[in-house]
Amino acid sequence: MELPSALYLPTAEGFTATALTIGPWDPGLQHAGPPAALLAREVERASGIPGGQTVRLNFDILGPVPVGPVRISTTVVRPGRRVELVEAVLDAGDGRPLMRLSAWRMRTRTEGLPSAVEGSTSATPHPAPADVHGSTPGEAAFFSSEVAYHKALQWRFASGSFNSPGPAAAWTRPECTLVEGEPMTPLQHLLVMTDAASGISAVLDWTTATFANVDLSVALHRPPRGEWLGMDAATVLGDSGAAQCSAVLFDTEGAIGRSTQSLFVEPR
């Protein structure tokens, strides 16, 4: 089976999503991970801080994103040489916003930084119970399309799995690019992956309930590095139709940040 080489194909007006963006709920709708990464790509392209790092990304999912043409507009909300706030909005060509990203970016430096206070933690090892090579390959059984989001990344589980309920820790590596003709950056890879935190740590049966997230928030204390990235995720189900997923994000060098998602839960 030959997979598309990218999640998106560039067009004159924006991008066209390939089958690798298909989500688990409807074959005509995208998983939120790929458009989240596409929004982050556009934020960095609009940035006025060359070589800066994106430290916080807040995504609002305003509506389902169809598998097809999309376009993105960007605005520098708060310009600055050291710190800036950039917003990006995605629509399907009709002007109706479907996803929105608000991202803080900061200037980077490698010299003259203060040292951490003695006894504090300035760097932590990755929290996965097993490294990449000691983890188990896994594949989601609940996608209705053979070629879909779950094929965009290679998955290795250090604990848990796609197909069993409860917390899980997984490593991933890209099997495609984000946009055809250019490499996928570690930050783009992280965002393609991280929206699946609530999927790998599901506490409900995919066949009897929906638990789609309405947002995704990612906070990073340093940029991701390397080809393998991971997340250690857990979901807590409330008693009134809501759930919350949180994850520690890491690469092979250690933890890099955290993510949260608010989930709307209802019977299928």
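Among the residues in segment 128-136, are any within 30 Å of Ala242 (Cβ to Cβ), surrounded by fewer than 21 Cβ atoms within 10 Å (Cβ to Cβ) and at pLDDT below 95? Yes, the conditions are met somewhere in segment 128-136.
Per-residue answers, yes or no, for (1) crowded, with 21+ Cβ neighbours inside 10 Å; (2) under 18 Å from Leu38 (Cβ atoms):
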site	(1), (2)
Glu182	no, yes
Gln188	yes, yes
Val192	yes, yes
Ser201	yes, no
Ala212	no, no
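Within segment 31-48, is there a residue that is out of contact with any Ser or Thr (no Cβ under 6 Å at 6 or more places or on another chain), modelled with pLDDT under 95 and buried (at least 19 other Cβ atoms within 10 Å of the Cβ)? The answer is no, given that none of the residues of segment 31-48 is out of contact with any Ser or Thr (no Cβ under 6 Å at 6 or more places or on another chain), modelled with pLDDT under 95 and buried (at least 19 other Cβ atoms within 10 Å of the Cβ). Within segment 215-227, is there a residue that is surrounded by 15 or more Cβ atoms within 10 Å (Cβ to Cβ), closer than 22 Å to Asp131 by Cβ and of a type in the set (Gly, Ala, Ser)? So far as segment 215-227 goes, no, none of its residues is surrounded by 15 or more Cβ atoms within 10 Å (Cβ to Cβ), closer than 22 Å to Asp131 by Cβ and of a type in the set (Gly, Ala, Ser). Residues being over 19 Å from the mean Cα position of the chain (by Cα), of a type outside the set (D, E, K, R), at pLDDT 95 or above and in a strand (DSSP E or B) are entirely absent from segment 245-264. Asp205 meets each of the listed conditions (1) in contact with a strand residue (DSSP E or B) (Cβ under 8 Å, 6 or more places away or on another chain); (2) modelled with pLDDT under 90; (3) over 20 Å from Leu20 (Cα atoms) apart from (1). Being out of contact with any helix residue (DSSP H, G or I) (no Cβ under 7 Å at 6 or more places or on another chain), under 23 Å from Arg109 (Cα atoms) and not acidic (Asp, Glu), is that true of even one residue in segment 230-247? The answer is no; no qualifying residue exists. Here Ala219 passes the criteria (1) in a loop (DSSP other than H, G, I, E, B); (2) within 24 Å of Gly52 (Cβ to Cβ) except the one numbered (1).
The values are calculated or read from the model by the stated rules, or taken from the named source; none is laboratory data. The structure presented is a predicted model; accordingly, all values stated were derived computationally and were not measured. Heads up, the Cβs are rebuilt from the backbone with ideal geometry, glycines too, and the neighbour counts pull from every protein chain shown.
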